1. For the residues A:320, A:219, A:302, what sequence is obtained by ranking on other C-beta atoms within 10 Å, fewest first?
2. Straight-line reach from residue A:138: which lysines have a Cα under 19 Å away, not including same-chain ones fewer than 8 places off?
3. If amide H atoms are built 1.01 Å from N in the plane of the peptide, which residues on other chains or at least 5 residues away come under 5 Å of the amide H of residue A:237?
4. Per residue Cα convex hull volume for chain A, in cubic angstrom?
5. Positive end of the dipole of the protein assembly as shown, charges at C-beta (+1 Lys, Arg; -1 Asp, Glu), about the Cα centre: which of B:6, A:38, A:148 has its Cα farthest in that direction?
6. With +1 on each Lys and Arg Cβ and -1 on each Asp and Glu Cβ, how big is the dipole of chain A about its Cα centre, in debye rounded to the nearest 20?
7. Only Lys, Arg, Asp and Glu count, each charged at its Cβ (+1, +1, -1, -1), so figure out the dipole size of region A:234-344 about its Cα centre, rounded to 20 debye.
8. For the protein assembly as shown, which cysteines have no second Cys with its Cβ under 4.7 Å from theirs?
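Readers should treat all values here as calculations from the given coordinates under stated rules, not as data from a laboratory. Given the structure is predicted, the values throughout are model-derived calculations rather than measurements. All Cβ positions, glycine included, derive from the backbone under ideal geometry; neighbour counts span all protein chains shown.
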Amino acid sequence: MSAGFQAVQWNGAKIRYDAILLGLVAFYLAGFILIAASLHPPTSAAGWIDLRIKAFGSCAFLMLSTVLAIGPLARLNPRLLPLLYNRRHLGVATFFIALAHAGFMVEWYLLESDIANLAGELTSWADYANFPAGFPFKALGLIALLTMLVMAATSHDYWLGFLTPPLWKAIHMGIYVGYGAAALHIALGAMQSNRHPAVPILLFALFGTVSLLHILAARKSAALDIGDDDSDGWLVVGAASDIPDGRARIVAPVGGERIAVFRDGRILSAVSNLCAHQNGPIGEGHVVDGCITCPWHGYEYRVEDGCAPPPFTEKLATYRLRLRGNLLEVQTAPLPPGTNASLTLP
Amino acid sequence: MTPSASVILWGVLLYVSAGLIIALAFVAVGAPRLIGHGAADQGPAPMTLGARLLLIPGAVLFWPLVLRRWLGEPL
Ligand code: HEM
């Protein structure tokens, strides 16, 4: 959290996540190269480099698709939230795999011909009119790689604070541009030259799945947004006893930010559904030892007043609550962050 | 190499060189001071050497923003 900065904030869960990630990547790359080399043994040094380009390129696209699928998957099924927890390391690893893919291609040019041809190829502007075959698809790969570089280089929490969360988030939305560029890079490159049916199948299956998941998750969020009438400034949350202990119910005022109403035993409290760290969906987290814990990166806030426990200083906006009979209601106007507005049930 | 390729390459080289100089100065002295604990009154945030090294690539890419903040202007 923000009491100082370390290189990486490791913990047991993150180390396990990264070990599994590294294992899967190594398994994929070794499997790809072994199988492909036994089916069609490369006959030259350039052939071996080509194989590595393919193994690392397809691995990068698979990883990038996974990175983008995790967000909507976790929204659709909260049991998948652990995947989200350390998605940042998956993203940075994806960048390095893509970088290796591009590096092997540079190695190939160094071996085969003059490296200056590569720069010339990317700046033969007339070629950009060729479609679909003959388009300089490497330029699209370069765009994808550069967007991933920007994401990886600003992935440290420091940059989140420096750039401010809204700007940071806007920059990181650029990953969708990168994903589109990577998909086109494959469609105009490998799909044109490499007649193997696995290329279009991989491309359309992954791109289609990622798009579908985003549509499904957006529909689920939209369903949540159909709030109840809040014209008097108060919104019905439901029966207090319907909120599971230690969890929240998320409500959405018409046109306003979502509100997460938590219950911790007999204490009820309402906070903004946006985590002060990265705007994570705090209402999808649960209460651990009296603190609301964000499912994204484990940022904690006291249930009563939305303040992070010392030495941390983050605060969430809170909301006033009232009981009308058995029915819990929340006022849609936020209170200053850190205001204690909790309610204790009798 | 085509003329446009060398113009682009030189441009990138200049941007990155300027970025490297600013980034090194930034992680050595500026970085902890440019961001508080989250509250303005708490002084510089402590940073480990590892954290400083990890900030270099971002500072090279975004050096114009870094410089602006360092000179006391808003982003
Ligand atoms: C500077 C950046 C890049 C360059 C120069 C580059 C270059 C290449 C080249 C030369 C090929 C071989 C095409 C063929 O077989 O005809 C290729 C294939 C491929 N690239 Fe890239 N690439 C770059 C970035 C990326 C990125 C960022 C991704 C994914 C995130 C990616 C994914 C792929 C995939 C999936 C293939 C097809 C592999 C296969 O045939 O199995 N590339 N790239």
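1. On the way: A:320 18, A:219 10, A:302 22.
Final ranking by Cβ density, sparse to dense: A:219, A:320, A:302.
2. Cα-Cα hits under 19 Å: A:54.
3. So residue A:237 has HN proximity to A:328, A:329, A:330.
4. Numbers: hull volume 55.5 nm³, N = 346.
For chain A, the hull spanned by Cα atoms encloses 160 Å³ per residue.
5. With unit charges placed on the Cβ atoms, the residue in question is A:38.
6. Values: 23 positive and 24 negative charges, 100 e Å.
Value, rounded to 20: 480 debye.
7. Details: 10 positive and 11 negative charges, 64 e Å.
About 300 debye.
8. Flagged as lacking a Cys partner: A:59, A:291, A:307.
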